[in-house]
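Down below is the structure, laid out as structure tokens.
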Amino acid sequence: MKSSTRRSFKKNIRFILFICTLIVILGIVFTRFLPSPSNVSGPSKSLKSPEIEKILATNDLAVRQENYKKLLERVGPVKAQEELFHSGIPYDGSAHLLNHEIGEWLYDKYSIKGIIYCKDYFLSSCYHGLLIEVIGQHGFEGLTQAMEACNKVSQSVAVQCAHGIGHGLLAWNGYKNLPKALSDCEVVAAQSKNFSVYNCEDGIFMENNWAVHEDGVPSPDRWVSEADPTYPCYDDRIAERFRKACWSNQPQVMYKLFQGNIDKIVDECENIKAKEYQEICFDSIARQINPVASGDPQKIFELCNKMPVGWKNFCVVSNVNALFSLGDEKTPFVVCSMIPASGERRCYELIQQRIRGNVQNLQEKLRLCAMIPKDYRSTQYCPQ
């Protein structure tokens, strides 16, 4: 990586990371409880530290970051993450972005080895912050080592690392070089064990949609057209094998172009002829609805009812997936209790899949599984 390119990348990195605030749209399975180093004690959940109180008292990201850094320095990275996680802060994009501070702080202190202190809270934002620092500093040379570290933590963390690397690859290659960045995902996969090419591609298209620089203005080189809400998913320069990841992110573009008009996004998704791409387009609408609804079950149903017949329950279940992935273990049960009978089984099955994939503590698994109605409880997912 040329020094000038590295300096430019580093200068822009905090704003580039802003796009990760919408990562909820991925709907990826995450591991909630990761082993922490044995020499770090856990936090008291009953009392909030003064730094946390100041974080909760404002929406100003700069003020939040300043206080989070103070907390980091005072109590250490593991306890700081635990305190933020149990603070009552909403599980939204702003919390995800705030928790990037952990990753950057760890990289500065411990380099890549700092990844062992990351918790998988707020959609693995600690890992994102650290990994994009890696690519910003070392380019390709650091990616193999970074993936080795991610794989040692867990498979779900490795998936999130691949996504974060996708963001970094496009910013590093330059936004006009989108096809090259996509091909680079395959290069990294050839060099790294358990590297999810799809999640890397997904990170690239998400980065392309936002491409925000330090002046807050999206890059003029990004592949977005105000005249064509489907661009670049049909562009001949985007190989067929990359188009699934494109459609997974395209409703984000449409949401901005149509000024939040979900009906227009639905029309565009209905016009997609390939069934696989149409399904992922509707899933992406549902995951776009999630942050708009802000965890309000009534709002989720109100917006999902805008879907065509046959896609309404699909939309609700996708929101349940997104909520649980963000760390919300209460609202998904409320939503499933409200869904029409035709969607109940799939809704509760999805929760059980998330319990199996996200929750490692046996007692916590048993507690959550006990909240599943007996008629829908499955020994395939829930321990007896």
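Using beta carbons and a limit of 6 Å, which pairs, at least six apart or on different chains, have the first residue in the stretch 363-383 and assigned to a helix (DSSP H, G or I) and the second one surrounded by 13 or more Cβ atoms within 10 Å (Cβ to Cβ)? Sorted first by the residue in the stretch 363-383, then by its partner, the pairs are 365/355; 365/359; 368/355; 369/382; 376/345; 376/348. Within the stretch 256-281, being buried (at least 22 other Cβ atoms within 10 Å of the Cβ) and within 15 Å of residue 208 (Cβ to Cβ) holds for no residue. Scanning the stretch 208-230 for residues that are touching a Phe, Trp or Tyr at 6+ places or on another chain (Cβ under 8 Å) and assigned to a helix (DSSP H, G or I), we see that the one that is modelled with the lowest pLDDT is 210.
For the stretch 121-130, the set of residues classified as modelled with pLDDT of 80 or more and either over 14 Å from the mean Cα position of the chain (by Cα) or within 16 Å of residue 155 (Cβ to Cβ) (or both) consists of 127, 130, listed by residue number. Within the stretch 268-295, the set of residues being among the charged types (D, E, K, R) and touching a helix residue (DSSP H, G or I) at 6+ places or on another chain (Cβ under 7 Å) comprises 268, 276, 283, 287. On the given criteria, is residue 116 closer than 28 Å to residue 145 by Cα and not in a loop (DSSP other than H, G, I, E, B)? Against the criterion (closer than 28 Å to residue 145 by Cα and not in a loop (DSSP other than H, G, I, E, B)), residue 116 qualifies.
Scanning the stretch 241-252 turns up no residue that is of a type in the set (Lys, Arg) and assigned to a loop (DSSP other than H, G, I, E, B). Entry remark, the stretch 298-353: residues being farther than 25 Å from residue 90 by Cβ, assigned to a helix (DSSP H, G or I) and aliphatic (A, V, I, L, M) number 1 in total. Within the stretch 289-303, if we keep just the residues that are among the polar types (S, T, N, Q) and surrounded by fewer than 24 Cβ atoms within 10 Å (Cβ to Cβ), the residue that is modelled with the lowest pLDDT turns out to be 294.
Determine, yes or no, whether residue 87 is among the hydroxyl-bearing types (Ser, Thr, Tyr) and assigned to a loop (DSSP other than H, G, I, E, B).
yes
The values are calculated or read from the model by the stated rules, or taken from the named source; none is laboratory data. Predicted, not measured: the structure shown is a model, and the values here were computed from it. Cβ: placed from backbone, ideal geometry, glycine included. Neighbour counts: every protein chain shown.
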